[in-house]
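Structure first, commentary second.
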Amino acid sequence: MMRKRLATAAGALLAFAASLLAAPSSAQAQPQAQAQAQAAPGFHVADGRLLDANGADFVLRGVNHAHAWYPTRTAQALKDIKALGANSVRVVLATGDRWTRNDTADVAAVVAQCKQNRLVCVLEAHDTTGYGEQAGAVTLARAVDYWIGVKDAVQGQEKYVILNIGNEPYGNSGYTSWTSDTANAIARLRAAGFRHTLMVDAPNWGQDWSFTMRDHAGEVFAADSERNTVFSIHMYGVFNTADKVKSYLDRFTSQRLPIVVGEFGNMHSDGDPDEDAIMSTARQLGVGYLGWSWSGNGGGVEYLDMATGFDAARLTSWGQRIFSGTDGIKQTAKEAGVFGDGGTTPAPASCSVDYRLSDWGTSFNADVTIRNTGTTAVKGWQLAFAFPGNQKLGSVWNAKAVQQGSEVRATNESWTETIPAGGSVSFGFNGSSTTANGVPAAFTLNGGTCAKG
């Protein structure tokens, strides 16, 4: 996705619909050998599923963030995206051909921030967008040059990083070269020593209305010496009905070929994507999705922003839908087990919360102490509660917090990450209200109910 996407031709939409009636069969995927899976240093594919370094099934549930264009926003954006429940983020990088290059040091910093926020990092090179149709776009071969140039930033990070070779290679012309160019790009990266899971985007501005990726994914997967490639479809106007969404994703899962929805929106200038069908079908099939995009869209597609002005407290209707709606991120995301003990440490019936309120009528302060009454330390936490009135969250200290409606979710800072057995951590915040303030009725820590202190 560019900040301004060229509309897909109307004829392509008709071709898509007609092809659904008689889609040709594609090559059967070759299962990854067990020995290869065991030897994989990080994420890997087995039997059509993406597995983490512990061998556990992992389903991407996250959003895209335009780091290349808004690098100063990234640190806070990743914190906010995590606090809203995501387990992954797709990060826009630039090779230097169309936009300012994100160099090795910058990429390393992004990876470190993803890890700090316990987010799986999907890194993508954006300068390939619409090659053959978009002026200035570069080839997949050029994207490979970029990855080799920043290899030191991602080497050894295979447990936490997936490499999306190039965003939306090929527009609506020249796309018949996608198969050979993609296979060659994978081969070059493997020869250069990359053992990461690789993600490859479809042509046709990512939407594959020509079914080029769908019909040749098997041979591309087989050409990967590591058998560790995941395919990414971008769902915008071409995918405007539930039947189109389901037919496309079914084609991959039935052949045990790994597929994710690497981008999608709730509307678009080239047609109205069926976001409900995308999210529900992804849940039913266990397919990952990464919505476009957190904030900063321009050129007429500002409606794709999930957060207004990068402000997590001002989610748009699209942001509310993807994070909190049916089949959304909060309902379906599971943190990657590579971040320790399957994610945050569960704490049912082993915690208490003391919420001390200082009420001044239209404003208030709250000092919150979480006590670990169990025998095992809690490492990484999220405390959830609901305001009893129309309170609005203000500044927060010693934690990160976001509010949606009356619900508040607070997550640890690095210095408050661990709650020792028998110990406690504290954080606080201020807020405003036009009604009487009060203490929340209940608190849950990492999904477990806490006693009120």
### Query
Hey, does the stretch 86-98 have a residue that's in contact (Cβ under 8 Å) with a residue 60 or more places away in the chain and either open to solvent by 20 Å² or more (accessible area, probe 1.4 Å) or among the polar types (S, T, N, Q) (or both)?
yes
### Query
Does T197 satisfy the condition of being on the phi < 0 side of the Ramachandran plot and touching a His at 6+ places or on another chain (Cβ under 6 Å)?
no
### Task
Would you mention how many residues in the stretch 434-449 are of a type outside the set (V, I, T) and open to solvent by 10 Å² or more (accessible area, probe 1.4 Å)?
7
### Task
Show the residue pairs that are 6+ apart or on different chains and have beta-carbon atoms under 7 Å apart, the first residue being within the stretch 439-452 and assigned to a loop (DSSP other than H, G, I, E, B), the second being surrounded by 19 or more Cβ atoms within 10 Å (Cβ to Cβ) and among the polar types (S, T, N, Q).
N446/T344; N446/T345; N446/Q382
### Summary
Here the residues within the stretch 176-208 that are within 15 Å of G132 (Cβ to Cβ), of a type in the set (F, W, Y) and either open to solvent by 50 Å² or more (accessible area, probe 1.4 Å) or not in a helix (DSSP H, G or I) (or both) are W205
### From V238, V245, V260, residue being open to solvent by less than 20 Å² (accessible area, probe 1.4 Å) and either assigned to a strand (DSSP E or B) or at positive phi (or both)
V260
### Query
In the stretch 257-271, how many residues are out of contact with any strand residue (DSSP E or B) (no Cβ under 8 Å at 6 or more places or on another chain) and at pLDDT 95 or above?
1
### Task
Among the residues of the stretch 399-426, write down those that are over 23 Å from K330 (Cα atoms) and either assigned to a loop (DSSP other than H, G, I, E, B) or acidic (D, E) (or both).
P420, A421, G422, G423
### Task
Find all pairs meeting these conditions: Cβ atoms under 6 angstrom apart; at least six residues apart or on different chains; first residue within the stretch 104-123 and closer than 14 Å to A86 by Cβ; second residue of a type in the set (S, T, N, Q).
L119/S88; V120/S88; V122/N164
#### Entry: Search result, residues across the stretch 264-308 that are free of Cβ contacts under 8 Å to residues at least 40 places away in the same chain, within 16 Å of the chain's Cα centre (by Cα) and under 19 Å from H67 (Cβ atoms)
D305
### Task
Would you mind telling me which numbered condition in (1) on the phi < 0 side of the Ramachandran plot; (2) surrounded by fewer than 24 Cβ atoms within 10 Å (Cβ to Cβ); (3) out of contact with any helix residue (DSSP H, G or I) (no Cβ under 8 Å at 6 or more places or on another chain); (4) not aromatic (F, W, Y) E124 fails?
(2)
### Query
Name the pairs: first residue in the stretch 388-407 and over 15 Å from N437 (Cβ atoms), second residue open to solvent by 40 Å² or more (accessible area, probe 1.4 Å) and among the basic types (K, R), Cβ to Cβ under 7 Å, at least 6 apart or on different chains?
K400/K79; A401/R409; V402/R409
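The values are calculated or read from the model by the stated rules, or taken from the named source; none is laboratory data. Quantities reported herein were computed from a predicted structural model and do not represent experimental measurements. Reconstructed Cβ throughout: ideal geometry from the backbone, glycine too, with neighbour counts over all protein chains shown. Surface accessibility is based on the protein's heavy atoms, side chains included, excluding ligands, DNA and RNA. Shrake-Rupley method; radii C 1.70, N 1.55, O 1.52, S 1.80 Å.
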